[in-house]
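Remarks on the structure that follows.
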Amino acid sequence: MKLFGRLRRRAPEAAGDDATAEDTQPHLVVRAPDIPAGRPGIVVVDLDAVAANWRLLVDAAGQAEVAAAAKADCYGTGMAQVAPALVRAGCRSFFVAVASEGVALRRLAPRAAIAVLTGPDRESVDLFGEHNLRPVLNDAAQVSLWQGWCRGRNKPPLAWLHIDTGMTRLGLMPAAVDSLANHPDRLAGMPFAGILSHLACADDPAHPMNAQQREAFLAARALLEPATGPLRASLANSAGVFLGAAWHFDLVRPGAALYGLAPHSDRPNPMRPVVHAYARIVQVHEVDRPRTVGYGAAWTVPGKRRLAIVAAGYADGYPRAAGEGGPPGYAGDGAAVWIGGHRAPVVGRVSMDLLTVDASGVPAAKLGEGALAELIGPHVGADALGAAAGTIGYEVLARLGARFHRAWRGAGAEIAP
Ligand SMILES: *Cc1c(COP(=O)(O)O)cnc(C)c1O
């Protein structure tokens, strides 16, 4: 099957009704025949865009090495396709959340450095050796477990020491750092990849936490290096890369920006969109008198309207909170899909498998057989959909459901399982 072959890239000038004034990039054009029979929709992941985002981050990171955060199936984009595309683009280091992700990634990237952020426990520690996974050591117990595992072993994987500098999530707290510094024997016999920490507020460059965490990170490194020897250092996620050279250290760990999400909420997004999601339009209603729409009868048709029923709901990852004009306190325009280049706002509550949109602005001719609604794509960013649902683009991407057909396009990949 070569379904992707129909996913053409068209220049915006040639895209006719699909083009808008804001279009600056050629974009994917998805059509109903791209979706296998019986599937409600399709997610297309643009591997060329992943590679372009990789290059932009490499430029922004200056001297620092760029590693890719590949956890949660590369943020829902498909690790089996996206990780090899990143390797082809030049990526040599990955971070995943759990050891099973590391085992899966090892098959895709045989020579890469793969670090596992949650580190080892007694049950999983052997996997680190078997698959050459680098443990991130987050507390004294993991340090001790890993030290014991390394004893008598030839060339164990390098370990990262994770310092908590303000997330209060994973990582060695200040007392644990002091204790290790005072007992250098507890760090002996282990080769280290380096020291890392994670920024809480990097998406807000003016936030004082950024400088505070950096200071705490430097202090922890200064305390530990007498015991470990010189340590490579890593602090920045996607947003941290754009904080400037003082945050880059030796290695940066972007995830979101690789997958097209905006590193900052208050500026234009420099990244190229990666994920495109389309769903079939399964019914159209011409309504000319007041009636309610959806569960809770939460929206009443205000007059003559054309409504379209789209085959995607919260089971597909379309956020339920995006219905009814968005969550409490939300000040934007509300969630919308795009049909043939026209905006169609979501009305009423999002159901499990379906959502209703006000397609009054869409010519009837564009709503016939084979019509698709763009849920995420050139007109609707994952970040914007997240905002309209009171969440973030990360959550939208990570939750896109299993009912979508998935296709990957570009970077030489000819994949359409
Ligand atoms: C997820 C994660 C990253 C990547 O963060 P983005 O904001 O997606 O760039 C980096 N470091 C750690 C520890 C993470 O958990």
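Laid out as a table, the results:
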item: Residue that is farthest from ASP126 (Cα to Cα), among those in the stretch 62-92 that are surrounded by fewer than 20 Cβ atoms within 10 Å (Cβ to Cβ) and touching a strand residue (DSSP E or B) at 6+ places or on another chain (Cβ under 7 Å); result: GLU65
item: Test: residue in the stretch 244-261 that is small (Gly, Ala, Ser), assigned to a helix (DSSP H, G or I) and within 13 Å of the ligand (Cβ to nearest atom); result: yes
item: Members of the stretch 181-200 found to be in a loop (DSSP other than H, G, I, E, B), away from the ligand (no atom under 16 Å from the Cβ) and open to solvent by 20 Å² or more (accessible area, probe 1.4 Å), listed by number; result: HIS183, ALA188, GLY189, PRO191
item: Residue within the stretch 201-212 that is small (Gly, Ala, Ser) and either open to solvent by 40 Å² or more (accessible area, probe 1.4 Å) or touching a Pro at 6+ places or on another chain (Cβ under 7 Å) (or both) present; result: yes
item: Criterion: away from the ligand (no atom under 11 Å from the Cβ) and in a helix (DSSP H, G or I) - qualifying residue of ALA239, ALA216, ALA206; result: ALA216
item: Residues that are within 12 Å of the ligand (Cβ to nearest atom), within 21 Å of VAL45 (Cβ to Cβ) and small (Gly, Ala, Ser), drawn from the stretch 94-116; result: ALA97
item: Residue that is farthest from ALA233 (Cα to Cα), among those in the stretch 142-178 that are of a type in the set (Gly, Ala, Ser) and loosely packed, with under 14 Cβ neighbours inside 10 Å; result: GLY152
item: Selection count, the stretch 156-198, where residues are under 23 Å from ALA211 (Cβ atoms) and polar (S, T, N, Q); result: 3
item: Hey, VAL252 hydrophobic (A, V, I, L, M, F, W, C), buried (at least 16 other Cβ atoms within 10 Å of the Cβ), in contact (Cβ under 8 Å) with a residue 24 or more places away in the chain and not assigned by TED's automatic domain parsing to the domain that holds LEU196 or not; result: no
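Matching residues to (1) open to solvent by less than 10 Å² (accessible area, probe 1.4 Å); (2) within 16 Å of the ligand (Cβ to nearest atom); (3) among the small types (Gly, Ala, Ser):
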{"site": "VAL310", "(1), (2), (3)": "yes, no, no"}
{"site": "TYR330", "(1), (2), (3)": "no, no, no"}
{"site": "VAL337", "(1), (2), (3)": "yes, no, no"}
{"site": "ASP353", "(1), (2), (3)": "no, no, no"}
{"site": "ALA365", "(1), (2), (3)": "no, no, yes"}
{"site": "LEU375", "(1), (2), (3)": "yes, no, no"}
{"site": "VAL380", "(1), (2), (3)": "no, no, no"}
{"site": "TYR394", "(1), (2), (3)": "no, yes, no"}
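Residues checked against (1) assigned to a loop (DSSP other than H, G, I, E, B); (2) modelled with pLDDT of 95 or more:
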position: ASP333; (1), (2): yes, no
position: VAL346; (1), (2): no, yes
position: SER351; (1), (2): yes, yes
position: LEU375; (1), (2): no, yes
position: PRO378; (1), (2): yes, no
position: ALA387; (1), (2): no, no
position: ARG403; (1), (2): yes, yes
position: ARG406; (1), (2): no, yes
position: GLU414; (1), (2): no, no
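Quick grid of which residues meet (1) within 16 Å of the ligand (Cβ to nearest atom); (2) part of a helix (DSSP H, G or I); (3) closer than 23 Å to SER100 by Cα:
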residue	(1), (2), (3)
LYS155	no, no, yes
LEU170	yes, no, yes
ALA176	no, yes, no
SER179	no, yes, no
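The values are calculated or read from the model by the stated rules, or taken from the named source; none is laboratory data. All figures in this text were calculated on a predicted structure; none of them were measured in a lab. For neighbour counting, all protein chains shown are included, and Cβ atoms are generated from backbone atoms with ideal geometry for every residue, glycine included. Surface accessibility is based on the protein's heavy atoms, side chains included, excluding ligands, DNA and RNA. Shrake-Rupley method; radii C 1.70, N 1.55, O 1.52, S 1.80 Å.
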